[in-house]
Amino acid sequence: MGYILSADALVQVLRAQAEEPVVRWLEKEKISPFVDWFTMAVASAEIRDSELDDDAKDELKKSYAAMVRKLNAKNPIGVSLANMNSGAAERLSRLMVIAARHATDLSDADLVPAAIAMEHGLTLVVARNKRQWENLMSAIDEKLGMPKLHLKSP
């Protein structure tokens, strides 16, 4: 089974600090997760808007730029690119409605990698908001033709 990173998990990977739970888990299990461009953009915004000191932001920006170069080289080390297709877009539209109906605090941006995960049979890796994700998962009605959302929170 493959894994795709949520924006919060991606930021932990970009920090590349061994104490981060997601980083520890990926290294221990020797997992090369998927990431999508939209989630990369969300992570970039989180880095830019974070309350970190300038040195910490600069380090995160360098890690982000290195990951973008690897993804653009079509030979990424440590991550692979997952693309949004029409099936994932349809799943995203349904997830947005479900999330709104069940008053989760998950944003539409959070739902993009979830939709891709559902479309391609991947497990979504999250670093925070586990309860919100579990609430969303319990609200997904499989009768709508949506596969189960698999979740991992190291």
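Just so you know, all these numbers are worked out from the coordinates, no wet-lab data involved. These figures come from a predicted structure and were not determined experimentally. No Cβ is skipped: glycine too gets one built from the backbone with ideal geometry, and neighbour counts run over all protein chains shown.
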Which of PRO21, PRO33, PRO113 ends up with the largest GNM mean-square fluctuation for the chain, with Cα atoms connected below 10 Å? PRO21
Under 23 Å between alpha carbons, and skipping anything fewer than 8 positions from LYS148 in its own chain: which lysines qualify? LYS130
Cross-link reach list, aspartates and glutamates versus LYS62, counting only Cα pairs under 13 Å and skipping chain neighbours closer than eight places: ASP54
I'd like the orientation of helix 54-72 relative to the chain: the angle between its Cα long axis and the longest Cα principal axis, in ° from 0 to 90, rounded to 10. 70 degrees
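Which value in deg cm²/dmol, rounded to the nearest 500, describes the helix-derived mean residue ellipticity at 222 nm for the chain, given -39,500 (n - 2.57) per DSSP H run of n ≥ 4 and division by the residue count?
-18000 deg cm²/dmol
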Per the 1/(1 + (r/R0)^6) rule, R0 = 25 Å and r from the Cβ atoms of ASN72 and HIS120, FRET efficiency to 0.05 is 0.75
Please label the shape of segment 76-142 as rounded, prolate or oblate, based on the square roots a ≥ b ≥ c of the eigenvalues of the alpha-carbon gyration tensor (a/c under 1.5 means rounded; beyond that, a/b larger than b/c means prolate, else oblate). oblate
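Would you mind computing the Rg to Rh ratio of the chain from its alpha-carbon coordinates, Kirkwood style for Rh?
Answer for the chain: 0.96.
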Enumerate the calculated ³J(HN,Hα) couplings along segment 14-21 in order (Karplus 6.51 cos²θ - 1.76 cosθ + 1.60, θ = phi - 60°), each rounded to whole Hz, writing x wherever the residue is Gly or Pro. 5, 5, 6, 9, 4, 7, 5, x
